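Peer 1: Would you mind keeping the following structure in view while I ask a few things?
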Number of protein chains: 2
Amino acid sequence: MSYSDYFGFEILNTSSETNARAGILKTPHGNVLTPIFMPVGTNSAVKMLTNEQILNAGAQIILANSYHMYLRAGCDLIRKAGGLHKWMNFNKPILTDSGGFQVFSLSKLRKITQDGIHFQDPINGSKHYITPEISMKIQQDLGADIIMAFDECAPYPCDYEQAKSALDKTKKWLERCFEAHKNYRQALFPIVQGAFFEDLRAESARFVSKFDAAGYAIGGVSVGEPSEIKNKITAYTAPLLPFNKPRYLMGVGTPVDLIEGIKSGIDMFDCVLPTRNARHGTFFTYSGNKIIKNKQYESDFTPLDENCDCYTCRNHTKAYIRHLFKTRESTAGTLLSIHNIHFLIKLSQDLRNSILENTFESYSKKLLAGFNSVNKN
Amino acid sequence: MSYSDYFGFEILNTSSETNARAGILKTPHGNVLTPIFMPVGTNSAVKMLTNEQILNAGAQIILANSYHMYLRAGCDLIRKAGGLHKWMNFNKPILTDSGGFQVFSLSKLRKITQDGIHFQDPINGSKHYITPEISMKIQQDLGADIIMAFDECAPYPCDYEQAKSALDKTKKWLERCFEAHKNYRQALFPIVQGAFFEDLRAESARFVSKFDAAGYAIGGVSVGEPSEIKNKITAYTAPLLPFNKPRYLMGVGTPVDLIEGIKSGIDMFDCVLPTRNARHGTFFTYSGNKIIKNKQYESDFTPLDENCDCYTCRNHTKAYIRHLFKTRESTAGTLLSIHNIHFLIKLSQDLRNSILENTFESYSKKLLAGFNSVNKN
């Protein structure tokens, strides 16, 4: 038995001038058409949305956060419910992160040892300790299709020594993760670290490639660095990962970052941006990000984007959503979240189709010109 | 031309032992099966829900608030959009209240004269003045199917003189409303006032009955009085209104109040309770109101009510919704709102069917026994 009884990845076509590829990721809960954007359901729900709304927005796979599920619901409860799929009644693939990144970004009184991470719950002060083995146990209880290695994410900026030290731990912990994880119905993805140092990224990519995994992730990006630096390190790192396996760029991103990532050979993306932006009134369009409360939309009876066919754009106008947003009706956040999530998923699938049709280069260029035009309006 | 070209009310059956009746209200935007519960969309959206969710919960007609639309969106904007139906893309009947009750309950520095009401916007301090004529103009701009007379609502408790004075103004203002309103595609409903004094209610009911209206409302209830007093004055007042026209009990109510109102011959109800309760974590069940955050639901993998077939109950468990509520995920409020709204609409339609089948007395008794059992659990 191995994970390949339950998982597979088929590349259907590649772009001739870039590293972009179109594929199919097979999981125990169905197929995912890559490249794909995955909405984030931190607490086992995508913020402000129901499963029906997520599915109607085109979601093929979603994320949940081990860190939040472990601290807020408790893994015993999710195991008792029969795992995350039954718990939240979501019958498509689910991916959980390991908790490493959240411990890094959210916890108080964090103390990292060679063995694991001690931290305090920022809400109730309770003390916790997570090791690679405990993270695997948590993610087994949650039962997602794809689970992530427990890693140490270096901050931005950080010096070489700090990045090297985090990478060394990440490497040792990866061995322990694979040692601890024996459920082949859950695919364990290693994570490349190494901050923004090319030699460390190369070392990390070589190291993770030694493990026969169903897919590989690039972590340690979207930690505050400028987009150019993120895109540069992604372009450098992605081709160093096994060609015939899906590559997942963690915590990315914007419409532009999605295009840049796909160009570099990335197949999977996740980010809280579409829903966070929505709650703050920002929406994606093919001519760049826009702000719903702007006065110019007060009597604008057109949809958020005239080329979008999401529920929100099929049914509502900017003027109506602006009014709801200004009167603090949460329905505004719901409608904008539907649009933004649909937008990124649709974008990933449109780019996929362009790869299949050998038009990725011209199509992505056209899209980029649109996204970058916003400041000229 | 008259309103009867666009509106009609047909009584299909009446209960033999009570005043309950089952009917069909015809409007320019379709039929409504009465008795009916109408969800409230204060700012032209039912809180936390999309139109799709409201319709899937069974909504046949919804309310919007003139007061909020006038102050927050502006009537020019709604008129420019083509009226509320187009503005919010809701193609079923809409009812707007006149703003009288909201000026009474929400405004600062209210000053009531014989001619109208001066008030300040509680948010930005701007000064406004609404007369019966202005209320009719506002409601014409909004373009709802059913519009309400501009009235003065007496507080609870209040003395006889105060109730009499408010009623006298309400009577004069009703004449001015009918004088000002000439659009027969919008049915103007008079409102019975008179606080909790039977002779004033009788006087008011006699007065409004002189106007040939498409329906009649009972206002001035749900202003803080105990349920018994509300149900008593409703039982007294409803039969004094024209038999062959729909009767609307404003701002009511709970599942029990709905049954009591229907028993008294009420055909239409509205209340913010189902959505407000939902946001605070309370949900309706056939055995009374329950509180989702209670520890007993922590690992309860059954639906909110096992006899409910709403989206929430078909898809989610108490344990899951409790977790979302406790982690402040707004999806919890959305799921509970769907359930509570569906619950009251379904209740009104089940009672309607029991009237049609001549089983209202036994069916309503059985339901009341269930609703009142909660404290014994």
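Residue by residue, here is whether (1) closer than 23 Å to residue B:249 by Cβ; (2) away from every other protein chain (no Cβ under 11 Å); (3) in a strand (DSSP E or B) holds:
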site: B:52; (1), (2), (3): no, no, no
site: B:72; (1), (2), (3): no, no, no
site: B:78; (1), (2), (3): no, no, no
site: B:101; (1), (2), (3): yes, yes, no
site: B:111; (1), (2), (3): no, yes, yes
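Peer 1: Another question, if that's okay. Quick one: residue A:317 ticks every box in (1) away from chain B (no Cβ under 12 Å); (2) over 26 Å from residue B:328 (Cβ atoms) bar one, so which box is it?
Peer 2: Going through (1) away from chain B (no Cβ under 12 Å); (2) over 26 Å from residue B:328 (Cβ atoms) one by one, residue A:317 breaks only (1).
Peer 1: What number goes with the only condition from (1) within 23 Å of residue A:38 (Cα to Cα); (2) within 14 Å of another protein chain (Cβ to nearest Cβ) that residue A:349 does not pass?
Peer 2: The failed condition is (2).
Peer 1: Now a separate question. Can you pull out every residue in the stretch A:309-326 that is surrounded by 19 or more Cβ atoms within 10 Å (Cβ to Cβ) and assigned to a loop (DSSP other than H, G, I, E, B)?
Peer 2: A:310, A:316, A:317 - these are the residues of the stretch A:309-326 that are surrounded by 19 or more Cβ atoms within 10 Å (Cβ to Cβ) and assigned to a loop (DSSP other than H, G, I, E, B).
Peer 1: In this structure, is residue A:300 exposed (fewer than 15 other Cβ atoms within 10 Å of the Cβ), modelled with pLDDT of 95 or more and outside any helix (DSSP H, G or I)?
Peer 2: So residue A:300 does not fit the description; no.
Peer 1: Another question, then. Which condition number in (1) touching a residue at least 60 places away in the same chain (Cβ under 8 Å); (2) charged (D, E, K, R); (3) surrounded by fewer than 17 Cβ atoms within 10 Å (Cβ to Cβ) is the one that residue A:92 fails?
Peer 2: (3) is the only condition that residue A:92 fails.
Peer 1: Can I ask one more? Within the stretch B:265-280, can you find the residues that are away from chain A (no Cβ under 14 Å) and closer than 12 Å to residue B:339 by Cβ?
Peer 2: Passing the criteria: B:274, B:277.
Peer 1: Considering the stretch B:180-203 alone, what residues qualify as being free of Cβ contacts under 8 Å to residues at least 40 places away in the same chain and closer than 25 Å to residue B:27 by Cβ?
Peer 2: Across the stretch B:180-203, the qualifying residue is only B:182.
Peer 1: Can you work out which of the residues in the stretch A:202-257 that are under 29 Å from residue A:373 (Cα atoms) and among the aromatic types (Phe, Trp, Tyr) is farthest from the chain's Cα centre (by Cα)?
Peer 2: Going through the qualifying residues, I end up with A:236.
So that you can scan it fast, the table gives a plain yes or no per residue for (1) surrounded by 24 or more Cβ atoms within 10 Å (Cβ to Cβ); (2) under 30 Å from residue A:310 (Cβ atoms); (3) more than 7 Å from chain B (Cβ to nearest Cβ); (4) more than 21 Å from the chain's Cα centre (by Cα):
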| site | (1), (2), (3), (4) |
| --- | --- |
| A:49 | yes, yes, no, no |
| A:55 | no, yes, yes, no |
| A:58 | no, yes, yes, no |
| A:65 | no, yes, yes, no |
| A:75 | no, no, yes, yes |
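Peer 1: If you take the residues in the stretch A:150-163 that are free of Cβ contacts under 8 Å to residues at least 60 places away in the same chain and crowded, with 19+ Cβ neighbours inside 10 Å, which one is farthest from residue A:69 (Cα to Cα)?
Peer 2: Checked the stretch A:150-163; the qualifying residue farthest from residue A:69 (Cα to Cα) is A:163.
Peer 1: Here is a follow-up. Within the stretch A:28-51, how many residues turn out to be touching a Phe, Trp or Tyr at 6+ places or on another chain (Cβ under 7 Å) and under 21 Å from residue A:99 (Cβ atoms)?
Peer 2: Number of matching residues: 2.
Peer 1: Could you check the stretch B:1-44 and list, in sequence order, the residues that are out of contact with any strand residue (DSSP E or B) (no Cβ under 9 Å at 6 or more places or on another chain) and of a type in the set (A, V, I, L, M)?
Peer 2: Matches in the stretch B:1-44: B:1 only.
Peer 1: Test residue B:83 against the stated conditions and say whether it is surrounded by fewer than 24 Cβ atoms within 10 Å (Cβ to Cβ) and farther than 29 Å from residue B:359 by Cβ.
Peer 2: Against the criterion (surrounded by fewer than 24 Cβ atoms within 10 Å (Cβ to Cβ) and farther than 29 Å from residue B:359 by Cβ), residue B:83 qualifies.
Peer 1: So is residue B:305 closer than 18 Å to residue A:50 by Cα, more than 12 Å from chain A (Cβ to nearest Cβ) and not hydrophobic (A, V, I, L, M, F, W, C) or not?
Peer 2: no
Peer 1: Any residue at all in the stretch B:285-296 that is in contact with a helix residue (DSSP H, G or I) (Cβ under 7 Å, 6 or more places away or on another chain), without any contact (Cβ under 8 Å) to a residue 40 or more places away in the chain and within 14 Å of chain A (Cβ to nearest Cβ)?
Peer 2: yes
Peer 1: Say we look at the stretch B:32-46 and pick out the residues that are part of a loop (DSSP other than H, G, I, E, B) and either surrounded by fewer than 24 Cβ atoms within 10 Å (Cβ to Cβ) or modelled with pLDDT under 95 (or both); which of these is nearest to the other protein chains (Cβ to nearest Cβ)?
Peer 2: B:43
The values are calculated or read from the model by the stated rules, or taken from the named source; none is laboratory data. Just so it is clear, the model here is predicted, and its values are computed rather than measured. Counting neighbours? That spans all protein chains shown, and the Cβs are built from the backbone with ideal geometry, glycine included.
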